[in-house]
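Single-structure report; data block below.
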Amino acid sequence: MNDLHGIGVASGRVSGPVAAMPPPIGEPAEDGQLEEGPDRDRAVALLESSSSAVGAELSARAVAAREAGRDDAAEVLEATAMMALDATLLGEAKTRIGQGSRPERAVWEAAGQVAEQLSSLGGYMAERVRDVQDVRDRLVAELTGRPAPGIPVREDPFVLVARDLAPADTATLDPSKVAALVTEQGGPTSHTAILARALGLPAVVAVAGATDLVDGTWVLVDGAQGTVVIDPTEEQRGTAAAAQAPTSLAVAGGTSDGHRVGLYANVGDPSGIEEAVAAGAEGVGLFRTEFCFLDRAEAPSVDEQVAAYERVFAAFGGHRVVVRTLDAGADKPLPFVTSDDEPNPALGVRGLRTAQRSPQVLQDQLTAIARAAAGSDAEVWVMAPMVATAEEASAFAEQAHGAGLPTAGVMVEVPSAALTADLVLAACDFASIGTNDLAQYTMAADRQLGVLATLNDPWQPALLRLIAMTAEAGTRTGRAVGVCGEAAADPLLACVLVGLGVTSLSMTPRALPAVGAALAELTLACCAELAEAAVSSESPAAARESVASILNRSP
Ligand code: PEP
Ligand code: MG
């Protein structure tokens with residue numbers, strides 16, 4: 001097999017054996033009734049031994065996760081282990097076997113019934129539906145002799161190869177075991193890419209043929225080049241022992257001639273703040289509050305939200321924390337604010353738009369943010385995702401100000417907001433450009449589709465031009481315009497963004513040292529020259545090349 005190529009989305013060189021993510025477990029067929037008598041008895045015994053095996057395996061992993069200090073993963077595993085031994089689920093399955101169903105079909109149907117009952121109870125119970133489905137799949141795998149679904153479990157570090165990774169897959173991903181990520185699908189801003197950068201794992205996405213790699217095959221993953229070398233030589237493996245990059249920002253953000261650029265961290269849930277503090281972030285430029293709402297059947301209470309937000313504000317006392325209100329919909333559907341019957345969810349009721357249908361969810365969130373802010377000395381800013389018009393920006397700012405939050409802005413993620421950035425900025429206090437979504441909507445290319453990954457490349461000149469328009473509007477109106485999409489985590493592109501006029505950059509904490517160092521080497525005039533070259537290039541590749549050639553030319 002030849003070496004494989006894709007799009008490198010998180011740099012680093014690592015070699016290791018492949019462990020493939022098993023294919024999802026499908027619904028077992030209804031056919032093949034069991035005869036009354038020994039066949040059914042054997043099926044019940046098999047169900048019992050399978051449930052014990054699955055329960056024991058999950059419990060052992062929960063203990064290991066707890067010992068490793070990964071409490072979140074331990075909780076998920078403990079809940080799933082309990083469900084594997086659940087008397088109602090097993091009782092329902094046995095009843096069906098007693099009527100002649102094969103055990104895998106019986107488990108599937110029984111789980112469906114239990115899930116339905118839990119959903120109808122709402123609240124905490126409805127949140128257990130995912131555990132039931134996970135256990136169902138594990139039991140069906142065990143009963144039919146297939147590998148367990150989810151991230152493979154191995155003694156030694158491995159390169160995880162998957163079609164793509166969903167947020168749910170990653171809850172139990174152990175970064176001490178997963179050395180690198182390779183996916184067949186996904187683009188530069190897909191979950192896999194965001195996760196890899198957050199965990200500091202080298203990753204290559206959109207790799208055609210990745211899922212044909214056989215388990216155990218040794219590969220060398222180069223996340224900068226976007227290559228997967230199969231059976232690397234000893235010498236190549238040696239080069240993978242990469243020099244350790246610095247882990248903390250050396251200096252305050254800015255260019256070599258003293259132009260200040262705020263360098264902030266993107267934080268996904270309060271447990272990420274330690275890393276942000278350790279990396280020397282000036283504050284939080286994007287606090288994705290979805291974590292508080294994910295896996296919930298109903299919105300969390302104001303009190304619950306206040307407690308979660310206070311943790312982040314406390315870690316950044318005296319510094320800026322930009323809180324993004326709930327960004328539900330499309331790749332982050334939430335049952336209580338999004339509907340599941342839209343033909344085009346990415347173009348549907350998502351982000352701020354969900355507030356039309358569920359105004360109380362937004363009002364409660366603003367109340368919670370304001371209450372948490374009042375009890376801390378962090379400089380709390382608030383912003384709304386998926387804003388398309390100046391009217392929306394103005395309505396949001398008014399509501400946020402009314403809730404007691406003095407600095408209210410919007411994310412520029414929709415081309416219309418960039419095109420009317422002067423009006424949008426006149427209607428609120430600041431803007432932060434979400435380049436992940438701005439790329440997908442500018443290029444009309446789903447950010448989760450591997451085949452369209454090159455269209456979602458953040459070096460696309462069309463995207464850079466919209467960023468330039470927004471930054472220029474910021475200069476004209478005197479408003480801050482930052483970038484908080486993945487583009488900010490690419491050291492070279494970060495310099496281009498500063499040259500385009502953005503005033504701050506927010507990124508995964510691990511990217512801060514490299515971005516800070518790149519910026520500190522260049523003058524503002526040089527950044528502007530790079531920006532000019534990039535926006536006038538005809539493709540992302542040409543943009544990268546012309547920027548590199550400016551930097552490489554002799555002084
Ligand atoms: C973006 O779209 O660039 C962004 C930062 O938001 P998210 O990736 O959470 O959609
Ligand atoms: Mg977005």
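The values are calculated or read from the model by the stated rules, or taken from the named source; none is laboratory data. Bear in mind the structure is a predicted one, so any value in this text is a computation, not a measurement. FYI the Cβ positions are ideal-geometry reconstructions off the backbone, even for glycines, and counts take in every protein chain you see. For accessibility, only protein heavy atoms count, side chains too; no ligands or nucleic acids. Shrake-Rupley method; radii C 1.70, N 1.55, O 1.52, S 1.80 Å.
Quick rundown of the values:
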quantity: Helix axis angle, 302-315 relative to the chain longest principal axis, alpha carbon, degrees; calculated: 50 degrees
quantity: Per residue solvent-accessible surface (Å²) - region 473-555, probe of 1.4 Å; calculated: 39 Å²
quantity: Selected from Gln99, Phe287, Ala308, residue furthest toward positive end of dipole (the chain; charges at beta carbon); calculated: Phe287
quantity: Sparse-neighbour loop sites [GluC sites (Glu not before Pro); region 488-549; at most 13 other C-beta within 10 Å; DSSP]; calculated: Glu521, Glu538
quantity: Nitroxide proxy distance, nm - points 7 Å out along Cα→Cβ at Ser536 and Leu347; calculated: 3.5 nm
quantity: Linear extension gain, His259 paired with Thr144, 0.36 nm per residue minus alpha-carbon span; calculated: 35.1 nm
quantity: In order through region 252-267: 3J(HN,Hα) via Karplus (6.51 cos²θ - 1.76 cosθ + 1.60), integer Hz, x for Gly, Pro; calculated: 5, x, x, 7, 5, 9, x, 6, 6, 9, x, 10, 10, 9, 8, 10
quantity: For region 42-143: accessible area per residue (Å², 1.4 Å); calculated: 46 Å²
quantity: Karplus (6.51, -1.76, 1.60) ³J(HN,Hα), θ = phi - 60°, over region 144-160, in Hz, Gly and Pro reported as x; calculated: 10, x, 9, x, 5, x, x, 5, x, 10, 9, 5, 10, x, 9, 9, 7
quantity: Distance between modelled label sites at Glu30 and Met1, nm, 7 Å Cα→Cβ extension; calculated: 3.8 nm
quantity: Square roots of five times the Cα gyration tensor eigenvalues for the chain, Å; calculated: 42, 29, 20
quantity: Under Karplus coefficients 6.51, -1.76 and 1.60, residue-wise ³J(HN,Hα) of region 57-72 in Hz, glycine/proline x; calculated: 5, 5, 5, 4, 5, 5, 4, 4, 5, 4, 5, 7, x, 9, 5, 4
quantity: Positive dipole terminus of region 262-553, leading residue within Val361, Gly351, Ser537 (C-beta point charges); calculated: Ser537
quantity: For Thr217, distant residues with modelled amide H under 5 Å away; calculated: Val18
quantity: Cα long-axis angle, helix 87-98 against the chain (0 to 90 degrees, to the nearest 10); calculated: 50 degrees
quantity: Shape of region 432-508, Cα gyration tensor, a/c cut at 1.5; calculated: prolate
quantity: Whole-angstrom gap from region 138-159 to region 95-131, using each part's C-alpha centre; calculated: 22 Å
quantity: Relative pair counts by distance (%), Cα atoms of region 192-310, 10 Å bins; calculated: 10, 28, 26, 24, 11, 1
quantity: Region 430-453 versus region 306-370: alpha-carbon centroid distance in Å; calculated: 19 Å
quantity: Crossing angle, helix 491-500 versus the chain [Cα axis fit, 0-90 degrees, rounded to tens]; calculated: 50 degrees
quantity: Fraction of accessible area attributable to carbon and sulfur, the chain (%, probe 1.4 Å); calculated: 53 percent
quantity: Normalised contact order of region 211-326, rounded percent, pairs of Cα under 8 Å and 6 or more residues apart; calculated: 20 percent
quantity: Separation in nanometres of the label points that stand 7 Å from Cα toward Cβ, at Arg476 and Arg154; calculated: 5.5 nm
quantity: Length released on extending from Ala517 to Gln363, taking residue separation times 0.36 nm less the Cα-Cα span; calculated: 51.4 nm
quantity: Long-range amide H partners of Val9 with built H, under 5 Å; calculated: Ala203, Val204, Val205
